[in-house]
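One structure is given here, and the rest of the page talks about it.
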Amino acid sequence: MKIDWSSLWKKEDWWANWVGFFLFALCISGIVGIIYEVPKFKIWTANPLDSIPAGMLLQLLILVVGLTILYTIAIRTMKESAARFIPAFIVVFLIVCVSFIISNQATVKAWGLAYPLWAVLIGLVIANTVGVPNWLKPGAKTELYIKTGLVLLGAEILFGRILKLGPAGLAIAWGVTPFVLLFMYYYGTRVLKIDRALVLVLSAGTSICGISAAVASAAACKARKEYLTLTIAIILIFTVFLMFALPAFCRLVGLSEIMAGGWIGGTVESTGAVVAAGELVGPKAMEVAVVIKMIQNVLIGIFAFIIAAVWVVKLERDPTAPRPGLGEIWFRSPKFIIGFLALSLISSFVLMPILGDAGVATIVSGSKALRGFFFSLAFVSIGLESNFRELAKSMAGGKPLILYFMGLAFNLLLTFFIVWLTLSGVLFPMPI
């Protein structure tokens, strides 16, 4: 395979890096966070307009104009039509705003039905009822949006916090994950006989950290979009259940907050749901759960690179062709992982020593708010690009659900065992 190295900078992955780097630089400069506040929708009870105070309309306008300019530059560089993209993107952005408004209704928020669920649902309703008009399709850039969000997610991975739980945190977050991933992969491919790309995406999403890991693995193995959509749908639905079920079980059996936090952080598949579930147990549980989930998030980049290498060298290799070299592995590897790791290193080893916890927290709060918009843009796009008939074909007679439940059960049991070993205080001293 001849690699066109000169075109790599024009690819979607690279533009996710460029946009992510630029926005994080604005956060560091204080333009985002101090001079300009990223709009945050308010909780409302009866009137949806209460979610958007008067001053927030200007913030939303600045955000949509800024993102439109950035992505239009990317679209033009990638030789696509800016004239078709701009109106479609603005409509997708408005749908995002609707998803945030719905998720901030007081009762809906109390139930933990967060914006990703509503963003996907709105897109699905449009796609499977009236249909997506041709003029709107150019705005559904799922991978570009979510990869940009993943680059910004890297800024939230602080190595100092990762070390806070010491070996116990590493054992829970990293010790369990490979076993769950391998168990699901072999069970899915050899017992259930599911397409290995779907198995891999679902296994990564279940064992590592939900949607973010699923997207990274899907990019690495070039999985079909239906596989990613199906995985995200399964994860979103059952994450809501786990968010309430695990804290209730922890209280029922009398687990300490530290053990409960370790178990929640290692098994609940969404960072936002981890925070909510931890809070339902207590402040200490939430702190431990968030640290565990952050440690798991580090694996996104590592596993994406490993998956790309294995796919190129072994699973998709033509036995009659020469053995692929490092160049081809690099070409197939998702490049947004570079941005993810770079921002993590910058936050941990450049900004933290200079600015301290409070300064980095201010910067990251801005990048985190922006990340929420990028993820929501991606979820709306996933819904718009999804067809129930195609999803039904991917369901393969319910086998993906069987695989998910088996993997989830294995993950819950193994993580609970490791949490008991490391955080119960029976065999080892308590780390915190």
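The values are calculated or read from the model by the stated rules, or taken from the named source; none is laboratory data. The shown structure was predicted, so the numbers you read here are calculated from the model rather than taken from an experiment. Note: ideal-geometry Cβ built from the backbone for every residue, glycine included; neighbour counts use all protein chains shown.
Some points to look at:
- Close pairs (8 angstrom Cβ cut-off, 6 or more residues apart or separate chains): among the β-branched types (Val, Ile, Thr) in segment 349-377, part of a helix (DSSP H, G or I) and surrounded by fewer than 18 Cβ atoms within 10 Å (Cβ to Cβ) anywhere: Val360/Met352; Ile363/Leu355
- Among residues of segment 249-262, those that are in a helix (DSSP H, G or I) and either closer than 19 Å to Thr177 by Cβ or free of Cβ contacts under 8 Å to residues at least 24 places away in the same chain (or both), counted: 6
- Taking (1) touching a residue at least 40 places away in the same chain (Cβ under 8 Å); (2) under 30 Å from Phe22 (Cβ atoms); (3) among the β-branched types (Val, Ile, Thr) in turn, Val201 satisfies each apart from (1).
- Scope segment 100-135; condition crowded, with 19+ Cβ neighbours inside 10 Å, closer than 23 Å to Ile69 by Cβ and out of contact with any Ser or Thr (no Cβ under 6 Å at 6 or more places or on another chain); matching residues: Phe100
- Test: residue in segment 147-168 that is in contact (Cβ under 8 Å) with a residue 24 or more places away in the chain, under 20 Å from Val201 (Cβ atoms) and small (Gly, Ala, Ser): yes
- Among (1) in a helix (DSSP H, G or I); (2) in contact with a Cys (Cβ under 7 Å, 6 or more places away or on another chain); (3) not basic (Lys, Arg), the one test that Glu269 misses: (1)
- Subset of segment 222-233 [more than 14 Å from the chain's Cα centre (by Cα), part of a helix (DSSP H, G or I) and within 13 Å of Pro400 (Cβ to Cβ)]: Glu226, Tyr227, Leu230
- For Arg190, the test of being assigned to a helix (DSSP H, G or I) and farther than 30 Å from Trp420 by Cβ is passed.
- Criterion: within 19 Å of Leu408 (Cβ to Cβ), buried (at least 24 other Cβ atoms within 10 Å of the Cβ), among the aliphatic types (A, V, I, L, M) and touching a residue at least 12 places away in the same chain (Cβ under 8 Å) - qualifying residue of Leu236, Leu228, Leu242: Leu228
- Flag if Ile354 is at pLDDT 80 or above, of a type in the set (A, V, I, L, M, F, W, C) and over 20 Å from the mean Cα position of the chain (by Cα): yes
- Top-ranked residue of segment 7-36 - restricted to ones that are small (Gly, Ala, Ser) and over 19 Å from Lys222 (Cα atoms), ranked as surrounded by the most Cβ atoms within 10 Å (Cβ to Cβ): Gly20
- Every residue from segment 321-351 that is of a type in the set (Ser, Thr, Tyr) and either within 18 Å of Ser365 (Cβ to Cβ) or modelled with pLDDT of 75 or more (or both): Ser344, Ser347, Ser348
- Test: Leu200 is surrounded by 18 or more Cβ atoms within 10 Å (Cβ to Cβ) and either touching a Gly at 6+ places or on another chain (Cβ under 6 Å) or not basic (Lys, Arg) (or both): yes
- Test: residue in segment 148-158 that is touching a Pro at 6+ places or on another chain (Cβ under 8 Å) and of a type in the set (A, V, I, L, M): no
- Members of segment 159-193 found to be over 28 Å from Ile346 (Cβ atoms), buried (at least 21 other Cβ atoms within 10 Å of the Cβ) and not small (Gly, Ala, Ser), listed by number: Val176, Val180, Leu181, Met184
- Qualifying residue in segment 370-379 (condition: of a type in the set (D, E, K, R), within 22 Å of Val298 (Cα to Cα) and buried (at least 17 other Cβ atoms within 10 Å of the Cβ)): yes
- Residues that are surrounded by fewer than 18 Cβ atoms within 10 Å (Cβ to Cβ), touching a Gly at 6+ places or on another chain (Cβ under 8 Å) and not β-branched (Val, Ile, Thr), drawn from segment 356-369: Ser365
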